[in-house]
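Structure record follows, encoded as structure tokens.
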Amino acid sequence: EYLIYSGLILMGIFTMLQPDWLVAISAPGKDVEISSYIEQGNILLTQGDFRSAILNYKKALAINPDHQAVIGNLGLAYSQLKEYATAINYYKKLLQMDNIDHGKTYYNLAELYSLQKDHENAINNYINALDFVQDPTNTYQKLGYHYVLIKEFNQAINAFEKALQMSTDINTYYRSTRIDNVPDSLAVPQKKLLIQEIRESCLGEDEHRKYDARSFQEDPHIIRENAKTHNYLGIANFELGNLEDAKHHFEMAVQLWPGFSEAKHNLKKLSENNP
């Protein structure tokens, strides 16, 4: 069995299912050979030896040019080397294939374009990712941030408000924390579909929701991300001249995260300039 490691690109996580064609390699020796290259590449990738990992993945790709896991990990390795254009090409190649994780692939493409300061392509790929991700909260937040950078403040506000709406929806939180964290050993289409159906059928059961409601309300990551979103909303509203709305969102940011220095600074400056 081939191990496919998750890789982080900023806040994006890239994972992929084992491709179906893997069981049908015609020459018996090729299965052992490609497995060896992938295993070594994965070890080197986790050790941070990205150049050596790339060499092993390319040897595996020479045996089967359509190996999705190898293509994805090549994109990850090149992104870690800050060779963003090459990484983008590998992720684009994935999008031409079947049975991939479109949400995470589009999200990673958006992150790479963001690192290149290509805001238009970043925005387009965040929008594409929204059709596939289980929890779109972070994607809407990133989308809003890029709209701010290109001074499309009304669109930024719309994206940030959706981010807040999703972040306070426990059903979204429930689905993302339960379904996206299915162990790799169960991450095959049939079993994942069964797990998803079972978990979605449990959404209305009190014993699950009571536990998750507390986890949801007290999650420090959610609280801080909501504070950041309120701060962004304050900035966008300020740029549009909506000073009362800007003040409200800066205050909400500080209320949620009292140590949030950027929001405190923005609120102070707004109060000084508009007493």
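Working from label points 7 Å from Cα in the Cα-to-Cβ sense, the Asn158 to Thr46 distance is 4.4 nm.
Taking a ≥ b ≥ c as the square roots of the eigenvalues of the Cα gyration tensor, an a/c ratio of 1.5 or more together with a/b no larger than b/c marks the stretch 101-152 as oblate.
Please go through the residue pairs Lys142/Lys269; Lys104/Lys268; Lys104/Lys228; Lys58/Lys162; Lys59/Lys117; Lys59/Lys142 and name each one whose alpha carbons sit more than 29 Å apart in this structure. Write down the numbers at each step before the final one.
On the way: Lys142/Lys269 25 Å; Lys104/Lys268 38 Å; Lys104/Lys228 22 Å; Lys58/Lys162 41 Å; Lys59/Lys117 32 Å; Lys59/Lys142 36 Å.
From Lys142/Lys269; Lys104/Lys268; Lys104/Lys228; Lys58/Lys162; Lys59/Lys117; Lys59/Lys142, over 29 Å: Lys104/Lys268; Lys58/Lys162; Lys59/Lys117; Lys59/Lys142.
Global size of the stretch 133-172: 10.1, 32 Å for Rg and Dmax (C-alpha atoms, Rg to one decimal, Dmax whole). The stretch 50-115 and the stretch 220-275 have Cα centres lying 38 Å from one another.
Each reported figure results from applying straightforward, stated rules to the coordinates on display, with no laboratory input. The model shown is predicted, which means the values in this text are computed figures rather than measured ones. All Cβ positions, even for glycine, are placed from backbone atoms using ideal geometry, and neighbour counts span all protein chains on display.
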